[in-house]
Every structure is written in C-alpha cells, then in structure tokens.
1. Given the options A62, A75, A94, name the one that is closer than 19 Å to N120 by Cα and either buried (at least 18 other Cβ atoms within 10 Å of the Cβ) or among the small types (G, A, S) (or both).
2. Looking at (1) at pLDDT 50 or above; (2) part of a helix (DSSP H, G or I); (3) β-branched (V, I, T), which is the only condition V36 fails?
3. Scan segment 102-117 and tell me whether some residue there is modelled with pLDDT of 90 or more and among the polar types (S, T, N, Q).
4. Name every residue in segment 93-122 that is in contact (Cβ under 8 Å) with a residue 24 or more places away in the chain, assigned to a helix (DSSP H, G or I) and over 12 Å from L69 (Cβ atoms), in order of residue number.
5. Name the pairs whose Cβ atoms lie under 9 Å apart, with the first residue in segment 42-65 and in contact (Cβ under 8 Å) with a residue 12 or more places away in the chain and farther than 16 Å from I102 by Cα, the second crowded, with 18+ Cβ neighbours inside 10 Å and β-branched (V, I, T), and 6 or more positions between them or separate chains?
Amino acid sequence: MAISASRGLAPALLAAAMTLYWSVYTAEGGELRAGVPAPARQAELVHMVRHDCGSCHGLTLAGGLGPALLPAALAIRPAEYVEQVILDGRPGTAMPPWRGLISEDDARWIARQLRDGFPNEALRER
C-alpha cells in the first residue's frame with residue numbers, strides 16, 4: 001500500500017513543484033519576472049475570462065447574471081478584494097471559487113487586467 005501511495009504521490013509532487021516554479025519564475029518579454037504569468041498563460045487566462053467568466057458577467061464583461069467587470073465598476077474595490085473573489089468566489093451567490101483551477105498569480109494578473117480594462121482575445125500578448 002505504501003508503494004502505490006508513493007507512486008501516486010510522485011506525479012502530484014512533480015506537478016506541484018512545476019506549478020510553483022512557473023508561478024515564481026515566469027518568462028515574459030525575454031525577462032524573468034516573479035508572479036507574472038508567461039505570455040502563453042496570459043492568452044489562456046484571457047480566453048478563460050472572456051468565455052467562462054463572460055458566460056455570467058457578459059461577453060463584454062458589462063454585466064449579466066453577475067455584475068459588470070469593467071474598470072469603472074471595479075474602481076471602488078481594492079485589487080486584493082477582486083483577487084480574493086476570483087479565488088474564493090462569493091458564498092450564497094452564483095460566483096464560484098476558481099482556487100485550484102488558477103494560481104494566486106493568475107488571479108492577481110486577472111484582477112489587475114480587469115481594473116485596467118481587460119484585453120480582447122486578439123490582444124492576447126499583453
């Protein structure tokens with residue numbers, strides 16, 4: 001039993017180590033910057049926000065079932081609050097937690113982009 005548990009643990013540890021590595025040291029513009037998703041990951045996050053988040057917040061993020069995620073609507077909220085809602089959702093509402101699917105660095109990047117005006121998919125390289 002211990003052998004099978006260790007076999008299952010090794011891939012999980014490797015995946016956790018790789019996630020940690022990429023969240024701490026990501027390449028962007030040829031430079032290593034801590035906590036900034038790599039350009040390819042940014043493109044994935046733009047797609048996720050536009051499609052998954054957009055299904056409730058509207059494809060233009062101007063609101064729908066969920067509130068608007070435009071800079072003017074988010075200006076009254078601290079960036080940390082937006083990041084926390086992305087990660088942990090809002091209990092008692094339709095807003096689900098995304099923790100476990102995205103990293104804290106991903107959530108921080110999304111929150112910053114939302115407050116600055118979220119890019120379109122054609123503008124993925126940001």
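1. The conditions single out A62.
2. Result: V36 fails condition (2) only.
3. Scanning segment 102-117, I find at least one residue that is modelled with pLDDT of 90 or more and among the polar types (S, T, N, Q), so the answer is yes.
4. E104, D105, D106, A107, R108, W109, R112, E121
5. H57/V49; L61/V49
The values are calculated or read from the model by the stated rules, or taken from the named source; none is laboratory data. Here the structure is a predicted model, which means the values were calculated and not measured. FYI the Cβ positions are ideal-geometry reconstructions off the backbone, even for glycines, and counts take in every protein chain you see.
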